[in-house]
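Participant: One structure, pasted below without further comment.
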Amino acid sequence: MCTLNMFRVLISAAALLTTEGLLVQGPAQSLVAQLGGSIILPCFVETPLPVEELEVEWKKTDEETLVHLFLNGEDRPEAQYPSYRGRAHFFPEQIFEGNFSILLENITVVDTGIYKCVVYFDQDVGEIPVTIQHVERVVVTGEDQIVFAHVGEEVVLNCMVDSHVPPQHFDEVSWMKVDKKSDIVPVLLFQNGTIFPGSSHERYRDRAEFFREEIPKGNFSMRLKNVQTADKGEYMCEVHVEYSMRSATVEIGRLGMSALHIITLMLCFISLFVTFVLSIPVAIYISRKDTGTKPMYINYLQVVCPNICLCIAFILWGVIEGSVVEVTMCAIINLTRIILLFLVAPYYNWNTTVSVDFPGAIHRIIEYTGIPVAYLLISSAFCSAVLHDLWNASQWSDAVLVSVGVILLSSMPASLLALSNVFLIRFFDIHFSLGFITKSLGHVLMQSSNFLLMRLLFYRSSSVNESMITMTYAFGGISAAISFIVLPIPAIRQYLCSKLGTNQLHALIWRCYLVWVTVMVVTLVGHSAFILYYTNKILEYTNERFGWIFVTVLLHVLTAIAPSRFSRTVPDVIYTTLFMYGVAGLPVVNSVSLATELILQVYKGERTVDDLRVIVLPFESIMSAVWLVLQIHAYWAVAGRDVQKELYELRDFAAQCTPQEGDIGASDNFSEIHLSEKTQGCQQEAAPFLGETSHNV
């Protein structure tokens, strides 16, 4: 009814009046049909006519073929010309109301032409011509059946277009994944004769493609390579030609596990099995402080085996399912955990001999360069992930330069510490001040690297403006400048206290060390807060926001951790708990997360957790953060009392050095004995400072 009423609105007052006065009405203008579609040819009278004496003929005038016939109260399909049989239909329930229109289905090109509706009633005759001016040939044909494939194979999703317009002149042909109406994913785009691979979602980039040589034939089928379980769902081929749009849908059915899926699951289960089997013996050996050959081999096996399995599992997950950004970071995290666990391991901090130990040089490399190397690996993975996302972007070359700067800055702390603590030990023992500067310089370089890493993220965001970039460079430059300015203060203090005689400068230089500690801590906290704020701001509207934020947090925690072990000042149970958390808890969390996500994605065809970094990195950061807190506690337990003493003396010294009102020469009344008493703490053995604390290996 709605369709007929719409056509009646379009009917003009033009009509043919027969000699007997029978008035038949039709359309005021020619009609345009769609190839393969349907069209209504209007014909009706204002006053209903008794059907007993009614005859209605529809003919195509140029061929004089009978399209349809209504006679003696019923339609006569047997009288139809064969090419219209089954395609032309009256509206039987409407004939009694004077509506003699017909529905012509499955329009073909030969249906163009002039049709005549002739109405016979009693002795009256009326007729009206109806013209189909032309047929728009835009027919899109997809796949009738669900497409099935194994993961890792390739599938072809068919989309054939038949149109009166040449394919190279189509306005647009696009493939989209539409099984989630709220999240339509662009897969492929052909527009104005050009294919735009950059418009594809990153999940389909380099995997989905047209058959270029078939496009001139109207074949816009899509080849999807390396099928993943997330590819399951409904796809739409949408064609825009002139002012019309046609579409067809194809569905990829549920996909089974590939060999790589099974291998990945096996690696997760191996990691879980080794972790559960070895955790109890390791905990027992540690509680007994047993460093025999068998206990040490079991300890090493639990540190290395589960994490290597998880690293390989995440790499395979990236090959078959996950994104490069997600997989690169998770694989590196599991690899660097091995280094961190050897640093946290309690058996290297007991006053006992370890039966199975690394050679001396390797042991020192792990001890002194473990944290910088972990930072270097994670920051390199950070850079590679960003560069992958910017591969086809205009800023790629700029991002490469920034990435080179990040890697250079990240590699220098490890190199400097290797020189001072492994290869040139004797030289730096003699020149202790240079060794301290080398350690402190590593923190400053990692802070600068953190700013460049945030600058890399700017290239991924469209919401970044010039003021944000300027603020980043300004704050980063000021922070680095302050750190470099105060960096030599402890070394100068050390030198003056050992070379010069007792005088007032001694005390001032010693107290400058407290200024150095304050400045370094404030700078570290300030630059970390600045970077986290801007990272959250520029990634506010992205799906990977929390993944990048957790990576940034972990890098800042590693920046703050001192590159050496401190003497243990808390019960062994705390360090043992931290070690067991890293050696048993983290592999379990990672294994269960990866295996669960893989299984659910295979059966649901979609990700349950969009980014596994939001699970892996927070738990990883907990271990590093607790290790940092224990380092701070260890340092304060050793040097805290001396620092408090110096703060009080600095206060008293400042009060005595301040001339009272009317005492112009008050400062000249200090005696050499008084100065000597006030500067006794200046000597090298008075109070250890960062880098001077003793540690046991």
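Participant: State the number of residues belonging to the range 20-78 that are under 16 Å from residue 110 (Cβ atoms), at pLDDT 90 or above and either among the aliphatic types (A, V, I, L, M) or not assigned by TED's automatic domain parsing to the domain that holds residue 115 (or both).
Facilitator: Here the count works out to 5.
Participant: Quick check, is residue 285 in contact (Cβ under 8 Å) with a residue 12 or more places away in the chain, aromatic (Phe, Trp, Tyr) and part of a strand (DSSP E or B)?
Facilitator: Against the criterion (in contact (Cβ under 8 Å) with a residue 12 or more places away in the chain, aromatic (Phe, Trp, Tyr) and part of a strand (DSSP E or B)), residue 285 does not qualify.
Participant: Next question, about the same structure. Looking at the range 618-634, which of its residues are among the β-branched types (Val, Ile, Thr) and in contact (Cβ under 8 Å) with a residue 40 or more places away in the chain?
Facilitator: 622, 626
Participant: I want to confirm something. Restricting to the range 67-85 and keeping residues that are of a type outside the set (S, T, N, Q) and under 21 Å from residue 32 (Cα atoms), which single residue is surrounded by the most Cβ atoms within 10 Å (Cβ to Cβ)?
Facilitator: 68
Participant: Restrict the check to the range 121-133 and report whether at least one residue is in a strand (DSSP E or B) and exposed (fewer than 14 other Cβ atoms within 10 Å of the Cβ).
Facilitator: Within the range 121-133, one or more residues are in a strand (DSSP E or B) and exposed (fewer than 14 other Cβ atoms within 10 Å of the Cβ).
Participant: Still on this structure, please answer the following. For the range 234-257, which residues satisfy the criterion of being over 30 Å from residue 32 (Cα atoms) and either at pLDDT 85 or above or buried (at least 21 other Cβ atoms within 10 Å of the Cβ) (or both)?
Facilitator: Result: 234, 251, 252, 255.
Participant: For the range 95-113, give me each residue that is β-branched (Val, Ile, Thr) and under 60 Å from the mean Cα position of the chain (by Cα).
Facilitator: Across the range 95-113, the qualifying residues are 102, 107, 108, 109, 110, 112.
Participant: With the condition being free of Cβ contacts under 8 Å to residues at least 40 places away in the same chain, buried (at least 17 other Cβ atoms within 10 Å of the Cβ) and touching a strand residue (DSSP E or B) at 6+ places or on another chain (Cβ under 7 Å), I'd like the strands (runs of 3 or more DSSP E) fully within the range 144-209 carrying at least 1 qualifying residues.
Facilitator: In the range 144-209, the matching strands (runs of 3 or more DSSP E) lie at 185-191.
Participant: How many of the residues making up the range 86-96 are surrounded by fewer than 13 Cβ atoms within 10 Å (Cβ to Cβ) and in a loop (DSSP other than H, G, I, E, B)?
Facilitator: Of the residues in that region, 1 qualify.
Participant: If the requirement is being touching a helix residue (DSSP H, G or I) at 6+ places or on another chain (Cβ under 7 Å), under 30 Å from residue 173 (Cβ atoms) and aliphatic (A, V, I, L, M), which of these qualifies: 320, 286?
Facilitator: On inspection, the qualifying residue turns out to be 320.
Participant: Right, another one. Could you go through the range 241-260 and let me know if any residue there is outside any helix (DSSP H, G or I), without any contact (Cβ under 8 Å) to a residue 40 or more places away in the chain and acidic (Asp, Glu).
Facilitator: The answer is no; no qualifying residue exists.
Participant: Then there's this: With the condition kept exactly as written, say whether any residue in the range 441-460 is hydrophobic (A, V, I, L, M, F, W, C), assigned by TED's automatic domain parsing to the domain that holds residue 416, surrounded by fewer than 21 Cβ atoms within 10 Å (Cβ to Cβ) and modelled with pLDDT under 70.
Facilitator: No, that holds for no residue.
Participant: Would a scan of the range 348-371 turn up a residue that is closer than 30 Å to residue 266 by Cβ, of a type in the set (Val, Ile, Thr) and either buried (at least 21 other Cβ atoms within 10 Å of the Cβ) or modelled with pLDDT of 80 or more (or both)?
Facilitator: Checked against the condition, which is being closer than 30 Å to residue 266 by Cβ, of a type in the set (Val, Ile, Thr) and either buried (at least 21 other Cβ atoms within 10 Å of the Cβ) or modelled with pLDDT of 80 or more (or both), the range 348-371 yields no hits at all.
Participant: While we're looking at this one, here's another question. Kindly state which helices (runs of 4 or more DSSP H) lie completely within the range 544-621 and contain at least 1 residues that are at pLDDT 80 or above and of a type in the set (D, E, K, R).
Facilitator: Output list reads 586-604.
Participant: Something else about it: Could you tell me whether the range 314-326 includes any residue that is under 26 Å from residue 576 (Cα atoms), at pLDDT below 75 and acidic (Asp, Glu)?
Facilitator: Among the residues of the range 314-326, not one is under 26 Å from residue 576 (Cα atoms), at pLDDT below 75 and acidic (Asp, Glu), which makes the answer no.
The values are calculated or read from the model by the stated rules, or taken from the named source; none is laboratory data. The structure displayed is predicted, hence computed values, not measured ones. For neighbour counting, all protein chains shown are included, and Cβ atoms are generated from backbone atoms with ideal geometry for every residue, glycine included.
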